[in-house]
Amino acid sequence: MRKGEHGFDLYKERGQQSALFSEPINTLSNVAFFAAAFITMPFVKDWLDGILSAGCIIVGLGSVLYHSRPCKFTMYWDTGAIVMWVYFYLFIWAHYIAGLNIWWTLGTLTTFTLLSSAFIKKFSTYLNGSMDYIPVIAALLVCGSITWWQHGHSHLVMAGLLAAVSLVFRVVDNDVKLSSGTHFLWHILNGFLMAQLTLYVSMYVVR
């Protein structure tokens, strides 16, 4: 079962424990998000890059808090920070990379919301509670393919494939024999993924 008795994610490392810092490896592995911010900050050119880079810190903090002590507040910070970062990146892609005007950009965000919400509502319980991330991976691959065709950059497609590999470690977390599980690898790869995506915007996106 993915959920514990209080409704919060039940990771292999935590098990049924509810004590503070019951997930030391999952908690410490969030250093990857802070490393992503440290790596990308020297390349920040304007507010777009700055928000993405700072967002790595906010996502990392939310995950640290949630894996240290799961509760509604830390859960909403953890998931909310990820959702906001994803939506901001989709906004950047639609408006600054694909070149859509603001109305088409808003339409893209609305379409993503409707499609992903319908998908999550139907399939959320599958793959150890990890199906919620499939729409994000699909968006990366679709947007990345369009960008590859438009600009000859394969970066976002590569990011989508990395995200898919990363998701595998979230899916199998409770099934492996390791006492720590594999969720910490999800953190590490996602930190690298966020750094890659932020650097792409900094280096290749024309304002």
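Using a Gaussian network model of the chain in which every pair of alpha carbons under 10 angstrom is joined by a spring, one finds that among 68, 124, 29 the greatest mean-square fluctuation is at 124.
Can you work out the FRET efficiency for the pair residue 176 and residue 72, with r the C-beta to C-beta distance and R0 = 25 Å, to the nearest 0.05?
Values: r = 29 Å, r/R0 = 1.14.
Plugging the Cβ-Cβ distance into 1/(1 + (r/R0)^6) gives 0.30.
Hull volume per residue, based on the alpha-carbon atoms of segment 54-145 and their convex hull, is 109 Å³. Rounded to the nearest whole Hz, the Karplus-based 3J(HN,Hα) values (6.51 cos²θ - 1.76 cosθ + 1.60, θ = phi - 60°) of segment 70-87 follow the sequence x, 7, 4, 4, 5, 5, 5, 5, 4, 6, x, 5, 5, 4, 5, 5, 5, 5, with x at glycine and proline. Backbone phi angles across segment 190-207, fed through the Karplus curve with coefficients 6.51, -1.76 and 1.60 (θ = phi - 60°), yield HN-Hα couplings of 5, x, 4, 4, 5, 5, 4, 5, 5, 5, 4, 4, 5, 8, 10, 7, 8, 7 Hz in residue order; Gly and Pro are listed as x.
Report summary: the helix-based calculation at 222 nm, which adds -39500 (n - 2.57) for every DSSP H run with n ≥ 4 and divides by the residues of the chain, gives -22000 deg cm²/dmol. Derived scalar couplings between HN and Hα for segment 39-45 equal 5, 8, 4, x, 9, 5, 10 Hz in order, rounded to whole Hz, by the Karplus curve 6.51 cos²θ - 1.76 cosθ + 1.60 (θ = phi - 60°), x for Gly and Pro. Computed from point charges on the beta carbon alone (+1 for Lys and Arg, -1 for Asp and Glu), the dipole magnitude for the chain about its Cα centre is near 200 Debye. Calculate log10 I(q)/I(0) of the chain for q = 0.14, 0.16, 0.19 Å⁻¹, where I(q) comes from the Debye formula with a single equal point scatterer on each Cα and nothing for solvent. The Cα Debye sum returns log10 ratios of -0.84, -1.09, -1.46. Entry note, the chain: relative contact order of 29 percent, from Cα contacts under 8 Å with a spacing of 6+ residues. Largest first, the three principal axis extents of the alpha carbons in segment 97-205 are 49, 32, 18 Å in whole numbers.
Values in this text are rule-based calculations from the coordinates and carry no lab data. Computed from a predicted structure; not experimentally measured. For neighbour counting, all protein chains shown are included, and Cβ atoms are generated from backbone atoms with ideal geometry for every residue, glycine included.
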